[in-house]
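The values are calculated or read from the model by the stated rules, or taken from the named source; none is laboratory data. Every value quoted in this text rests on a predicted model; they were computed, and no experiment measured them. Positions of Cβ are generated from backbone atoms using ideal geometry, with glycine treated the same way; all protein chains shown enter the neighbour counts.
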Amino acid sequence: MISENLRNIREVQLSPLDYLPQENLRENLVDLVLRDVPEETPVQARQLLSELRVELIKTNVEEVKVVVFGGGTGLSNLIGGDSRLESWIQNPFCGLKKYFPHCKSIVCVTDDGGSTGELLKDLPLVAIGDIRHVLLSSIRLSGLQARYNVTADQAQQIATICHSLFNHRCSGLLQSGLPKLKTLLLSLDFCPRTLKKYLVDLIDYLFIDTRLVRTLQRPHCFGNLLVTAAVYREILPGLSNDQLASRRDVLHSALLKGLNTLSGVLGAGERAVLPCTSTPAQLRVHYTNGVEIIGENKLSDAQRGFPVERVHVDSFGKERVLDCVLEDIGQADILIFAPGSLYSSIIPVFKVPGLAEAVRANKDALKVLISNLWVQAGETDLSIADPGRKFYVSDMIKAYENNIPGGTRGLFNEVLCVSLKNIPASVLQRYAVEGKIPIFLDRDALCKLNYMPVECGVYSRQALAERGVIQHDPDTLAQAIKTLYSCRHCFDEKSNKEEVTRVGAYQFTEKLKSDPVLPFQRYHFIDRWLNDLHFSSVESTKCLDIDSAKALFREIFWSHPTIPLAHFQYVAGISCIDKEKWDRDQRWDNVFSFFDPEDKFIKIRSDQFYVREKLEVALMIAFGEALLGNYAKEKVMEDVLIKGLLIGKVYHLYLQGKEDRSCYFDGSQLGTFLLLARMFPTNDKNHYIRLVNSGEGFTPPGLLMWLMYAWYLDNRLATHIEYKMSLMKINQSNLIPEQLKMSDRRKRMITFFREVVFYDSY
């Protein structure tokens with residue numbers, strides 16, 4: 001009927017479609033459904049367009065199979081609204097699940113922040129947070145009614161109770177008798193008996209399974225604990241977490257069983273929400289200046305000042321994909337790439353072997369990418385093509401192209417973008433003041449890449465009217481997808497007929513590592529190391545609270561997963577030195593910590609302990625110094641005089657003999673670093689010199705190592721060195737050869753730290 005309506009319309013000399021204001025047929029049809037027939041349309045054309053709109057709206061898609069890929073907020077909002085918001089309970093049954101009951105989500109598992117990060121400290125699971133978020137958003141009205149024979153009002157009440165239960169925040173040390181927990185349990189009395197029993201059993205299980213004891217002492221989102229309990233109930237209680245770390249097959253099957261059971265009980269349906277892999281993984285981000293950081297949380301918090309060049313996913317073992325995930329992709333009628341964090345949402349999903357191939361193998365499905373709305377700090381605030389401007393939609397696609405194995409070939413054709421045409425300029429201006437800038441559609445660039453842009457008003461008008469915010473609207477997004485699917489046979493553009501091999505597709509090979517250490521194993525290693533460490537207060541007027549210090553140090557080291565475990569062996573203790581007793585020579589720096597190679601203690605001035613930021617700087621700088629150990633036997637600064645005139649100084653560095661040297665670096669690596677620090681070798685292999693002009697200062701190699709160590713981990717920890725590295729941001733010119741040399745030295749220094757200092761062979 002839709003095709004027939006379109007034929008009738010096209011037979012009119014001045015086609016009624018000409019009265020629709022959008023750029024192409026897809027956009028016109030979506031706009032027709034979302035906004036109705038334009039008021040100025042003549043009567044005859046209005047009637048034909050109205051009939052077409054009716055056909056589009058009444059098309060039944062209840063049997064259409066949909067698979068959506070993504071992360072937390074973007075995916076959950078698309079599926080059924082952002083279930084973390086209080087406003088969600090007003091309309092919990094919206095979004096894709098409302099129109100497409102057979103809707104399944106494949107979720108990214110590289111999150112390591114918040115409650116998810118707390119779980120990773122104790123358990124060998126994949127990241128749970130995004131799964132929990134999407135699962136709550138996937139609760140369907142029809143699913144609850146079919147399973148429990150409830151009315152729509154009762155289903156609404158169930159969704160409200162689940163919202164309170166899954167979003168409840170525990171401050172730590174969760175116990176069964178807590179008043180808030182009792183209140184939540186009482187609310188379950190309004191649920192169907194079987195649902196109440198299942199949820200009560202899950203809550204009880206949290207306090208029964210001894211493997212979960214440690215994590216109950218941490219702050220959590222209660223929904224994450226319920227998902228964890230659902231999985232652990234499927235595992236034999238005799239298997240410890242350490243044993244499970246090497247029994248990936250057990251966790252693989254437990255994830256499927258636990259999530260399927262929980263999904264079914266909540267009315268979301270079988271296999272509604274599944275992880276992209278059952279293998280724990282972490283994100284590794286490579287910036288254009290060569291620095292690599294580890295952790296999704298680090299990425300969102302980073303202020304590196306350079307664009308992201310590519311991302312890697314380091315898996316803790318061989319990646320495993322649930323067979324049903326591949327089956328669902330192969331059988332899908334619609335495949336959707338949800339909006340979300342560019343480098344920590346879609347890309348990590350398609351780093352998992354087999355998923356991109358499965359999407360490409362499905363030749364018949366409608367494949368749609370939904371573009372992000374806003375520039376995101378740390379990810380899309382800088383463009384590789386031109387760091388001086390902001391992100392376009394084409395930049396986002398190029399990022400996919402450069403990071404997904406095989407590029408974007410066969411993954412999607414349509415690119416659904418929010419139209420900002422009808423949003424008041426005052427709203428956009430207010431957002432700009434807050435630092436939020438839209439990702440603009442560069443239509444011509446997309447068309448040249450053989451994508452079909454679909455720009456339409458899929459933002460929430462209610463949210464804009466009530467709260468003045470711009471966000472994707474779950475229902476209008478679903479209607480747009482439904483329209484594109486219903487009309488898919490009416491489009492005859494070249495991009496839909498043939499696959500185009502795109503230039504620059506991801507080809508490089510990941511650097512593989514063996515014998516991986518899971519996050520919870522790393523956390524326990526740090527914990528044991530701190531317990532074995534010696535703490536002391538040396539001539540300090542304030543006694544060091546050792547337990548509090550250990551807790552703070554533990555969190556600082558946990559927040560820097562880039563640090564290899566091998567670095568920890570060079571420190572034997574930490575001392576707090578009273579400010580009045582601090583006798584370090586500060587002529588060259590204002591660093592108030594150091595590593596003493598005599599006793600292998602990190603010495604920190606007492607006033608640095610009062611503020612975490614200062615303590616973190618002091619700790620990381622001294623920790624980096626520890627890698628050099630006792631490398632220096634003697635340091636001498638000698639005046640250079642010519643005819644009695646002081647023209648400069650020579651800095652002499654005499655290295656400790658190889659047999660007496662305790663150092664992280666071998667002789668060749670140490671020599672490489674000293675050359676990068678502009679120290680020059682002499683005929684004596686253990687003697688290096690550096691000429692310093694009169695009146696000028698310089699950064700000794702030891703100090704350079706400490707500062708670079710902290711800077712590489714987080715440039716905000718060492719603003720002392722940031723100015724040196726900022727040279728790499730300047731457009732290079734052959735007119736100033738020395739500038740090119742300096743920039744090259746900076747690049748080689750970063751490469752040294754990436755490939756030698758912070759290379760983790762586990």
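Test Val650 against the criterion of being surrounded by fewer than 17 Cβ atoms within 10 Å (Cβ to Cβ) and hydrophobic (A, V, I, L, M, F, W, C), and give yes or no. For Val650, the condition - surrounded by fewer than 17 Cβ atoms within 10 Å (Cβ to Cβ) and hydrophobic (A, V, I, L, M, F, W, C) - is met. The residue list Arg26, Arg7 contains one member that is buried (at least 19 other Cβ atoms within 10 Å of the Cβ) and not in a loop (DSSP other than H, G, I, E, B), which is Arg26.
Taking segment 63-144 and the helices (runs of 4 or more DSSP H) fully enclosed by it, the elements with 1 or more residues that are touching a strand residue (DSSP E or B) at 6+ places or on another chain (Cβ under 8 Å), of a type in the set (A, V, I, L, M) and over 23 Å from Ser171 (Cα atoms) are at 73-80, 96-99.
Here is a yes/no grid of residues against (1) over 20 Å from Val313 (Cβ atoms); (2) assigned to a loop (DSSP other than H, G, I, E, B); (3) modelled with pLDDT of 95 or more; (4) in contact with a strand residue (DSSP E or B) (Cβ under 7 Å, 6 or more places away or on another chain):
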| position | (1), (2), (3), (4) |
| --- | --- |
| Ala358 | no, no, yes, no |
| Val368 | yes, no, yes, yes |
| Gln376 | no, yes, no, no |
| Thr380 | no, yes, no, no |
| Ser383 | yes, yes, no, no |
| Asp386 | yes, yes, no, no |
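When you check Gly702 against the structure, is it part of a helix (DSSP H, G or I), small (Gly, Ala, Ser) and under 16 Å from Gly624 (Cα atoms), yes or no?
Numbers: part of a helix (DSSP H, G or I): yes; small (Gly, Ala, Ser): yes; under 16 Å from Gly624 (Cα atoms): yes.
For Gly702, the condition - part of a helix (DSSP H, G or I), small (Gly, Ala, Ser) and under 16 Å from Gly624 (Cα atoms) - is met.
I'd like the residue in segment 142-164 that is surrounded by fewer than 21 Cβ atoms within 10 Å (Cβ to Cβ) and hydrophobic (A, V, I, L, M, F, W, C) and, out of all such residues, is farthest from the chain's Cα centre (by Cα). Checking each candidate, the answer is Val150. Among the numbered conditions (1) buried (at least 18 other Cβ atoms within 10 Å of the Cβ); (2) under 18 Å from Gly80 (Cα atoms); (3) not small (Gly, Ala, Ser), the only one that Gln462 does not meet is (1). Give me the residue from segment 401-442 that is within 19 Å of Leu373 (Cα to Cα) and in contact with an Asp or Glu (Cβ under 7 Å, 6 or more places away or on another chain) and, out of that set, surrounded by the fewest Cβ atoms within 10 Å (Cβ to Cβ). In this case the residue turns out to be Ser419. Among the hydrophobic types (A, V, I, L, M, F, W, C) and surrounded by fewer than 19 Cβ atoms within 10 Å (Cβ to Cβ): is that true of Val591 in this structure? No.
Restricting attention to segment 435-470, which residues are under 25 Å from Lys482 (Cβ atoms), in a helix (DSSP H, G or I) and modelled with pLDDT of 85 or more? Selection gives Arg443, Leu446, Cys447. Scanning segment 661-688 for residues that are among the hydroxyl-bearing types (Ser, Thr, Tyr), surrounded by 16 or more Cβ atoms within 10 Å (Cβ to Cβ) and part of a loop (DSSP other than H, G, I, E, B) gives a single hit, Tyr664.
Assess whether Ile526 counts as being among the aliphatic types (A, V, I, L, M), modelled with pLDDT of 65 or more, over 30 Å from Glu309 (Cα atoms) and in contact with a helix residue (DSSP H, G or I) (Cβ under 6 Å, 6 or more places away or on another chain). Don't jump to the end; show me each part of the working.
Details: among the aliphatic types (A, V, I, L, M): yes; modelled with pLDDT of 65 or more: yes; over 30 Å from Glu309 (Cα atoms): yes; in contact with a helix residue (DSSP H, G or I) (Cβ under 6 Å, 6 or more places away or on another chain): yes.
Criteria met by Ile526.
Output the residue which, of all residues in segment 173-191 that are touching a residue at least 12 places away in the same chain (Cβ under 8 Å) and assigned to a helix (DSSP H, G or I), is nearest to Thr151 (Cα to Cα). Among those that are touching a residue at least 12 places away in the same chain (Cβ under 8 Å) and assigned to a helix (DSSP H, G or I), it is Phe190. Evaluating Leu136 against the criteria (1) surrounded by fewer than 21 Cβ atoms within 10 Å (Cβ to Cβ); (2) in contact with a Cys (Cβ under 9 Å, 6 or more places away or on another chain); (3) closer than 14 Å to Ser263 by Cβ leaves one unmet condition, (1).
Restricted to segment 38-58, and to residues there that are assigned to a loop (DSSP other than H, G, I, E, B) and touching a helix residue (DSSP H, G or I) at 6+ places or on another chain (Cβ under 8 Å), the residue that is surrounded by the fewest Cβ atoms within 10 Å (Cβ to Cβ) is Glu40.
Scanning segment 309-328 for residues that are buried (at least 20 other Cβ atoms within 10 Å of the Cβ) and touching a Gly at 6+ places or on another chain (Cβ under 8 Å) turns up just one, Val321. Close contacts from segment 396-420, counting a first residue that is assigned by TED's automatic domain parsing to the domain that holds His312 and a second that is among the acidic types (Asp, Glu) and buried (at least 21 other Cβ atoms within 10 Å of the Cβ), with Cβ to Cβ under 8 Å and a gap of 6+ residues or different chains, come to Cys417/Glu455; Val418/Glu455; Ser419/Glu455. Would you please name the residue that is modelled with the highest pLDDT, looking only at residues in segment 1-38 that are of a type in the set (Asp, Glu) and more than 20 Å from Cys456 (Cβ to Cβ)? Here the residue is Glu4.
Scanning segment 192-214 for residues that are in contact (Cβ under 8 Å) with a residue 60 or more places away in the chain and aromatic (Phe, Trp, Tyr) turns up just one, Tyr198. Just checking, does segment 292-308 include any residue being without any contact (Cβ under 8 Å) to a residue 24 or more places away in the chain, more than 19 Å from Phe753 (Cα to Cα) and either part of a loop (DSSP other than H, G, I, E, B) or not small (Gly, Ala, Ser) (or both)? No, because not a single residue in segment 292-308 is without any contact (Cβ under 8 Å) to a residue 24 or more places away in the chain, more than 19 Å from Phe753 (Cα to Cα) and either part of a loop (DSSP other than H, G, I, E, B) or not small (Gly, Ala, Ser) (or both).
Would you confirm, using the coordinates I've provided, whether Tyr664 is without any contact (Cβ under 8 Å) to a residue 40 or more places away in the chain and hydroxyl-bearing (Ser, Thr, Tyr)? So Tyr664 fails the test.
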